[in-house]
Each structure stands twice: as C-alpha cells, then as structure tokens.
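Structure first, commentary second.
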Amino acid sequence: MTKKDYYKTLGVDKNASAEEIKRAYRKLARKYHPDVNQDDKGAEAKFKELNAAFEVLGNQQKKAQYDQFGHAAFQQGAGGGGGSQGFRGFGGGGGFSSFEDIFSGSGFDDIFSAFSGMRGEETRRRSAPGADLRYDITITLEEAYTGITKKIQVPRFEKCSACKGTGAKSGTAKKTCDKCNGSGQVRQIRRSFLGQIVTVGMCDKCGGRGTVIETPCPECSGNGRVKKTRTIDIDIPAGVDNDSHLRIAGEGEAGMNGAPSGDLYIVIHVKPHDIFERYENDLYCKTTIGIAQAILGNEIEIPTIKGKAKLKIPAGTQSHTVFKLRGQGMPDVHGRGKGNQFVKVVVEIPKTLTKKQRQLMEEYAGESQQKATVGKGFFDKMKEYF
C-alpha cells in the first residue's frame, strides 16, 4: 500500500519550521488520541499515522533524509507509530514521551501534576537541601586594595548536635510509617472521561518522609535542626570591586534528613572614597595647582591609595591636563597586575591680587600681547570635515 505523504498527514508545508511541525502534531494528537476520541473507530489508526509522521519530521536528521529520498530512506518503516493505551509512552525519537506531553498547556495539566509534581515534591520533603544564604558586607577602598579577613555572624539553621540531625531523641530511632509503608506516598484511584486515573499524594501521617518519630529530640523538637548564630571568617581578596560576590560552599543552612547544606553568598559593597573614584582597576583623582606652578613648572606631592607620590608638573601645563601614574591603581582580583592612577590637574586662578601682583600681570599682558580667541562652532567644524 502506498504510504501517505508525512507533510500532508500533519497538514503542514514542506518549508514548515520545527515549531510549526510540533504544534501541528500536538493539535492533531489531542484530537485523535484513542483515550480521548473513543467514538471514532478510525482514531487509533489516524493516531498511528501521526506518530509515524512526527517521528520522522520531528527529527532534523530524519527529516533531511525524507526530503531527499522519501519513504525509501526508511526501508524498515518510519519507526514507532504504535498506538497508546492508557498512559503508556509512545512515539519515537522525535515524538512526545508521554500522554502528558501532548496535553501540556491544554487545560489538562492539573490531571498530570498528580503523577509528576507530587512525587518530586515528596522527594524534596524527605531529603531537602539546605537553603542558600546571603550576607552583605561593607568595606573601605583601602581594604579592597589590600584584601582583608572579616569576622561575620550568620544566623542559620544547623544540624542538631543532640540527635545528629535525625530528629529522634538520643537512644531512639525513627520507625517506618505504617500508613504508607515507608514510601511517603498514598495512592487513590478514580475514573474520569479519560479512563482510570491513579493519583499519588503525600502521606499525611509522615509528611512524605516515610518515617515517623515517636520520641522527638527535646533539643530540636524533632526537626533535626536548630537555629544558631555562627561566627565565620571571610577572606576578602585584594582587588574586589563594588557588588562583588563570594561563594562559600556549605556555609548555608543545614539540609533536612542528612541532605547537604546550602551555600553562603557574600555581597561586597565598597564605600565611596573622599579622594578617589574607581573605574575597573584604575583610580581617578583631582588636584589643584597655582598659576605660577602651571607656567613655570613644579614638582608636587599627591595622595595615592597606598600613601603619597611625587608628580612632576612641566612648564606650561594647561588646566585640566590629566597625568598617569602607572601601576598606582587597584590590584586585579585575579592577580593580573595593577591598574593606573589618573590625576587631573586644575589650574587655580586667584580671585584677588595684591598691588604688586597686578602690576606684574599687567606687564606680562603688555609684553605677550595675547588676545582672546573664539573657538569654531560645531557647524564650522562639520563643514571642514566634509
């Protein structure tokens, strides 16, 4: 018998995208699934055709072979187009793994959460990892430059030392829950238009743990954990920047029933500095000099993050000139050298002059015959450019 065109089976064009193919299959599979469409005797056969088509077109490699050679590329058949009874898996490498996948997002999600979500939740209850914690700490720029060890106090849940985290009083032990026989789950069977549905819920007696404590530990009241404040030494490396994060594994809260502890995340805040501004590993600062220092040149002392340094001011230095002090910036947190320090020099013009100073400036002005100049406007510069 001549096999049907897979594209026509799914009702899509040969140029359809993978998402369009998947969407078309999902829509038709919902319609012809035997457990839903029980009135149409041809539904199961149609459903098999859909599975066979999607197993090929839903797989990029198989689709390319089919586009080139047609059905001849699959001499042994296009694969798992078998029907599905109840909630067994169906389809092939490119199909959906279960009936739940077809109905995902179609309004039936609540039905299938009884099979997947509850079981995962019960597993988490029986052995839940400890929570991660965050601690914010503020340091100075100088501390960020050198690196520092800080002592912090972290309130957290820790494993109870009296019962070693079991929750049972010392000398006693947990017992298997007689309601769920240690599975942590109870099953209920009900019928619906989809057929028989088995729902799995958490055991209300043991809370999904599978065990019960008859004699709770008096220290932790059977929880296996107690609230304590722990003092921890934090090594902050040199070069950290504002909002840097440090992760300390295992220093979060203790897990439940022997599960691993969470992690502690340190968020570092660096205080604004009175002198320096930081950009990456470079530092920026500003200093003022007198007009005579700018004209004649001079050597001045400026602050650095680690002390002081000498800066040579050449004669004729203009206001807002920026000088670079190589290697005087912040260390790289990964150990790749240091940044630079940039110093902007602002020439300070005196607001008042003595009689002698004014006389000297007038003589200088007469000899230099300097005239005010007006810089070219933006549009004049654009004309020159073009």
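Taken together, the values in this text are just the output of simple stated rules run on the coordinates, not laboratory data. Just so it is clear, the structure is predicted and the values come from calculations on it, not from any experiment. Glycine also receives a Cβ, built like all others from the backbone with ideal geometry; neighbour counts cover every protein chain displayed.
Structural remarks
- Residues whose amide H comes within less than 5 Å of that of L283, counting only those at least five positions distant or on another chain, are M330, N340, Q341, F342 (H built at 1.01 Å from N in the peptide plane).
- For segment 183-190, Karplus couplings with θ = phi - 60° (6.51, -1.76, 1.60), whole Hz, Gly/Pro x: 7, x, 10, 10, 10, 10, 10, 9
- Across all directions, the average flat footprint of the convex hull enclosing the Cα atoms of segment 277-368 is 7.1 nm².
- Each Lys or Arg adds one and each Asp or Glu subtracts one; over the other residues with Cβ under 14 Å from the Cβ of E299, this totals +2.
- Other residues lying with their Cβ under 12 Å from the Cβ of H245 contribute a combined charge of -3, Lys and Arg counting +1, Asp and Glu -1.
- A simple rule links phi to the HN-Hα coupling: the Karplus curve 6.51 cos²θ - 1.76 cosθ + 1.60 with θ = phi - 60°, which for segment 286-298 gives 9, 9, 10, 10, x, 5, 5, 5, 5, 6, 8, x, 5 Hz, with x for Gly and Pro.
- Per residue, the Cα convex hull of segment 134-282 amounts to 167 Å³.
- For S244, the residues 5 or more places off, or on other chains, whose built amide H falls under 5 Å of its own are I268.
- Per-residue ³J(HN,Hα) for segment 159-176, Karplus 6.51 cos²θ - 1.76 cosθ + 1.60, θ = phi - 60°, Hz, x for Gly and Pro: 4, 5, 6, 5, 10, 6, x, 7, x, 9, 4, 3, x, 10, 9, 6, 10, 5
- Point-to-point label distance, I232-D178, nm (Cα→Cβ direction, 7 Å offset): 4.4 nm
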